[in-house]
Structures are given as C-alpha cells and as structure tokens.
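The values are calculated or read from the model by the stated rules, or taken from the named source; none is laboratory data. Not measured: the values here are computed from a predicted model. Methodologically, a virtual Cβ is constructed for each residue, glycine included, from the backbone with ideal geometry; neighbour enumeration extends over all protein chains shown.
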Amino acid sequence: MSDRYVVIGNPVAHSKSPLIHAAFAKQTGEDVQYDRLLAPVDGFDSAVFELIQSGAKGANVTVPFKQDAWRLASRLSERAKLAEAVNTLSFAGGEIVGDNTDGVGLTRDITANLGVPLAGRRILLLGAGGAARGVLLPLLSYHPAMLVVANRTADKAMQLARQFAAYGEVAASGYAELGEQAFDVVINATSASLSDALPPVPASAFAAGSLAYDMMYGKGLTPFLQFAQAHGAARLADGLGMLVEQAAESFRIWRGVEPRTAALLSLLREQLA
Ligand code: ATR
C-alpha cells in the first residue's frame, strides 16, 4: 500500500498541493498517495488524530490551521517554533512533528530559481502577520546587509523585530518612516493582494536592479507588482515558485529525496495564464 499524505485546510478544494506532490512522486519513483482533507474549522485536532489512526504518514497544513498545527505538534523544528505556524506534519513513533517550509520555499525561489542573492543585500519585508513571521528566520540565515519589516501597524513590526533580535538584526518601521530608503529585494507578505489592495510602500523603496516579490500569486500582476514595475523594480515575481519550493521541502522531509521543481513550475505557470 502507498504511504498516504494529505493537505488539511478549510477551504481546501483549490489547493494545488495534490497535483504538485503527485508530480514529485512520479518524478522520484516514491510510492506516495496524496489527497485533500477538508476539516471543520473547529475540528483540526480530531481530523489529525483520525489521520494518524488511519496510518497516514504526514500532512501539509493550510489556512486556517497553521497555528492549530503549531499548538498540536509534540515536537517542533526551530524554524516552526519561531514561525508560530506549522505547514508540514510528520507522524512517526507516536510523535506529531511540526515543521514550517514556507520560509525556505521563499528563499529558495528567490536565490535558486530567480538567481537573486540575499546575502549582503538590503531587504524590505512588508507586513507583520503570520506570513511575514514565517519567513524571517530563513531570510536572516542569508545574512542580509539590512532587513527592515514595515507594517501599517508599526507596533506589530516592532514586536516581530524584538522577537527575532537574537537571530540577526531586524529593523522595524511604519510605511511613512521608510522615507527615501531603497532596497534590493522588496517582499510583500501582507494580505493586501487578496483584496486587490496596495500596501502603502513608498515609490523610492525599489533600488535600481531590485527584485519585487509578492508572496501571493494569480493571473496577471498584483497591485503591488504593478506598482513596483512602475517605480523601478527590475525583476517581478509572484508566490507560485514559493508554493512549489515549500512543497519540495515538505517532500524532502517526508521522503528523504529532493524533487526537481523547474519543469513543474513552468507547467503551473502555463496553467495560470
Ligand atoms: P497573514 O497570515 O497572511 O500574514 P495576518 O496575520 O492577518 O495574515 O496579517 C496580515 C498582514 O497584512 C498584516 O501585516 C496587515 O497589516 P496590519 O498589521 O497593519 O493590519 C497587512 N495588511 C493587510 N491589508 C493591508 C493593506 N491593505 N495595506 C497594508 N497592509 C495590509
């Protein structure tokens, strides 16, 4: 019998994870079955316990359960601990092991797929919610020259910066206080794109040759990417590559093999068009 994994969410019908993991399994010859699991909003824990009972080996966790998974895990990776969110669960030996592959998904997409270095660069991270928190440690691991978190509610950015201070230098800011500072990489980790809104990032934030990265993806450019394009960003990227890379890291955790991602990413890109 194949080893079984699922993606748990609510809603979950839209999730591309089954398609991605099926492609990884085929490519690597791993005997894996991967399904969607819709759990009631207040029923995450019992859904996980039932999964374990049924012999499943692991799960990806998506909206709105990443914090529930963080709370439920009996053991956490360092990056998941700090993210306060878990997107990858492994079930083995009576343990529920939680990890978070979102941040590494982002940094791999930027450095390996887009070929943009993060080491020694000036990075601006927009937003101070769960999405921003999840990528801070992996970003810091590249030792950027500067990492600034800007948020509408500046207090939340300050709180984040304080929490990560032990892992590297993080500056916090409101949008207006960014002034004329320019950055090599500007990452939108706000949920503004979901409502077709633009975070109030100053036009001067995009240095010559900079990369603008929106963690959301969809058909066409988000308002943030349109704004970045109009104000000097040389490269634009959405979160589709991050989605594929976080899945690849989950697959590696579960199966011990690293799938290739380039062909699948091109295929998904074509399907979006
Ligand atoms: P997520 O898990 O996606 O990060 P979240 O924890 O609700 O969701 O955080 C949403 C983030 O997007 C916050 O940083 C929020 O800013 P505030 O903390 O000031 O609310 C940010 N955000 C949402 N809509 C925004 C908008 N239109 N402009 C700027 N920031 C926005």
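From the list Asn113, Asn87, Asn100, the lone residue that is closer than 22 Å to Phe206 by Cα, modelled with pLDDT of 95 or more and either more than 16 Å from the ligand (Cβ to nearest atom) or in contact with a Ser or Thr (Cβ under 8 Å, 6 or more places away or on another chain) (or both) is Asn113. Is it fair to say Arg235 is over 21 Å from Leu106 (Cβ atoms), in contact (Cβ under 8 Å) with a residue 40 or more places away in the chain and not aromatic (Phe, Trp, Tyr)? Against the criterion (over 21 Å from Leu106 (Cβ atoms), in contact (Cβ under 8 Å) with a residue 40 or more places away in the chain and not aromatic (Phe, Trp, Tyr)), Arg235 does not qualify. On inspection, Leu243 qualifies as under 25 Å from Ala273 (Cβ atoms), out of contact with any strand residue (DSSP E or B) (no Cβ under 8 Å at 6 or more places or on another chain) and touching a residue at least 60 places away in the same chain (Cβ under 8 Å). Candidates are the residues of segment 52-65 that are within 16 Å of the ligand (Cβ to nearest atom) and surrounded by fewer than 24 Cβ atoms within 10 Å (Cβ to Cβ); the one that is farthest from Glu249 (Cα to Cα) is Pro64.
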